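The values are calculated or read from the model by the stated rules, or taken from the named source; none is laboratory data. Note that the structure is a prediction, hence the values are computed from the model and not measured. Because the Cβ atoms are built from the backbone with ideal geometry, glycine has one as well, and the counts that use them run over all protein chains shown. Just the protein is used for accessible areas: all its heavy atoms, side chains included, with ligands, DNA and RNA removed. Shrake-Rupley method; radii C 1.70, N 1.55, O 1.52, S 1.80 Å.
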Amino acid sequence: MKDLLRCANDVMTEVESYKAAAVHDARNRGTSWDQVADAAHLSAATVRTRWSESKVRDRLQRRATNRAVVRQPPASVVDAPDAAEGSPPQLATERASAKLASALSHLHRSTSLTIREVAEETSLSASYVSRILSGERTPTWPVVCALAELFNGDPAELSALFEGAHGLVPPARHALTDAVARLQAALRGLHLAVGRPEPDTLDRASNEVLTGQTISDILEGVVIPGWEQTSALVTALGGSPADVRPLWEDVHYVFLLCLDPPEESPGPADPSVSD
């Protein structure tokens, strides 16, 4: 009973954080307090008080801080360049936000669409689209999806960057195929954020831990990298290994579970796992 109540409280806290983030984003897009009140079925005075800019900022900062503590890797796991000390939550959020903007901007540049045309297609203001692409504003997930699809991109490749930019941490311990897909999408998202350079140009940036062929195999999903390879690739792509570590650990945990599965548990997926 105690554990169930604690879980219920965690869910309620999470819902409130999502509400606060939604209101914050709506206000940034020019939504009036009366419109927010209408959507929330509350009075305008109540929503102004409950979701004032300072209160929303404090709530999201506390959430990011709490989540960062949960995400610290256990001491027994293979060390990463900056995972031991961890990263201040705000810095991790800013890094992910900048990478998300870079990825969306690269996708946009691959099209012939003007900012105004993008705005018309997505029903957003031109100034808001411009701020998203420049990194001044962090969009909601529906907006990320709308922009990625308009730019002929894959929203899944941006999901890890989006979660990091908002300080969101999805439930751990996915099925193996899902965990692998999330890690691969995160790596492809970082690759996209730096303009998708050819794998052969990244081997030196990885301190020659990886060859161009290995990098290509990882990005194409042919190989599931070990931690040394993951860390080297993330570093070569200008990312922080600590930010990707939880996704790699999720794959590692599920893969080990599949090697010694409980009764009637499915076996591991097809891709090979390198050391």
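A few points about this structure:
- Among the helices (runs of 4 or more DSSP H) confined to segment 93-196, the ones with at least 1 residues that are out of contact with any His (no Cβ under 7 Å at 6 or more places or on another chain) and within 24 Å of Ser240 (Cα to Cα) are located at 126-134, 141-150, 159-165, 176-193.
- First in segment 113-142 and at negative phi, second anywhere and open to solvent by 70 Å² or more (accessible area, probe 1.4 Å) and part of a helix (DSSP H, G or I), Cβ under 7 Å, 6 or more apart: Ala126/Arg116
- Scanning segment 197-227 for residues that are in a helix (DSSP H, G or I), hydroxyl-bearing (Ser, Thr, Tyr) and over 17 Å from Glu157 (Cα atoms) gives Thr201, Thr214.
- Here is the figure for segment 126-153: residues that are within 17 Å of Ala193 (Cβ to Cβ) and of a type in the set (Gly, Ala, Ser) total 4.
- Checking each residue in segment 20-47 for being on the phi > 0 side of the Ramachandran plot and at pLDDT below 85 picks out only Gly30.
- For the criterion of being modelled with pLDDT under 90, surrounded by fewer than 20 Cβ atoms within 10 Å (Cβ to Cβ) and out of contact with any Lys or Arg (no Cβ under 6 Å at 6 or more places or on another chain), Gly221 passes.
- Looking only at segment 108-137, and only at residues there that are in contact with a Leu (Cβ under 7 Å, 6 or more places away or on another chain) and surrounded by 16 or more Cβ atoms within 10 Å (Cβ to Cβ), the one that is modelled with the lowest pLDDT: Thr122
- Test: Ala181 is more than 28 Å from Thr31 (Cβ to Cβ) and crowded, with 17+ Cβ neighbours inside 10 Å: yes
- Listed by first and then second residue, the pairs linking a residue in segment 21-44 that is over 26 Å from Glu136 (Cβ atoms) and surrounded by 13 or more Cβ atoms within 10 Å (Cβ to Cβ) to a residue that is hydroxyl-bearing (Ser, Thr, Tyr) and at pLDDT 85 or above, with Cβ atoms under 8 Å apart and 6 or more places separating them unless they lie on different chains, are Ala37/Ser43; Ala37/Thr46.
- Hits in segment 228-243 - residues which are modelled with pLDDT of 90 or more and either surrounded by fewer than 20 Cβ atoms within 10 Å (Cβ to Cβ) or part of a helix (DSSP H, G or I) (or both): Glu228, Gln229, Thr230, Ser231, Ala232, Leu233, Val234, Thr235, Ala236, Gly238, Pro241
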